[in-house]
Amino acid sequence: MFKKILSALLVSATVVSMVSCAGESKDTSADSKTADTALGTTAETTAETNENDSTADTEASENVPTADLTAVALLDALKAAGENMTLANVYDSTNSPLSAINFVSSFGGEVDFDENFEPIYPEVMNKIAEYAFLMPVGKSPIEIDVFKVKDAADVEEVKDLCEDRIQKIKESDIKVYSPDVCDLIFPLMTVYAKGNYVMMISVENPDAVKAAADTALAVQ
């Protein structure tokens, strides 16, 4: 009889122990899920914050007042900050403009012709007051293009024009450029806007060129 009572007590103790362990396992699992959810939420929030900050910085940069420079003057300031800028040709809207056909071949779009069958620039060019390009010579994708936009409302359209230029360079026959330079430059290509100025920057040190733009365009 005593043995039966002892066996019953042992079975009861085992059941209680198993229930207790199961409860702790559920609590631990729940805590783990809560922690994972919290970490995931924190990571997502951080990513969204960084993206929002980046967008805010871009918008703030575009909307600030700037000094009134010619496109050529700004290009000269940027060229001084860039690296390996000597092997390039300069074209600007006043002294040595690109023809309409050459402009389209560089930036994309279609060539239109007037009543005398003379090629004319794409419509977006009517929204640009001045431009100055530092175009590459030889097998180099190093380039800086500067646009001075007439109306701030058209800055986004000119930025798209510069994005098209970047895409056109990246999709060109790789034999045109030195592969080692492409590996370095292609990931760094960027479009930068400040006030009514839009810049396509394709250099080894784009941050230095952006800083030079900020300095040159600062209101004194």
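The values are calculated or read from the model by the stated rules, or taken from the named source; none is laboratory data. Quantities reported herein were computed from a predicted structural model and do not represent experimental measurements. A quick note on method: Cβ atoms are made from the backbone with ideal geometry, for glycine too, and the neighbour counts reach across all protein chains shown.
Numbers below:
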item: Where a residue in segment 108-134 is in the same structural domain as I166 (by TED's automatic domain parsing) and its partner, wherever it lies, is in a loop (DSSP other than H, G, I, E, B) and of a type in the set (K, R), with Cβ under 7 Å and at least six apart; result: K127/K150; I128/K150; A129/K150
item: Residue that is closer than 18 Å to T66 by Cβ and over 17 Å from the mean Cα position of the chain (by Cα), where the choices are E130, E171; result: E130
item: I101, sole failed condition from (1) outside any helix (DSSP H, G or I); (2) over 17 Å from M200 (Cα atoms); result: (1)
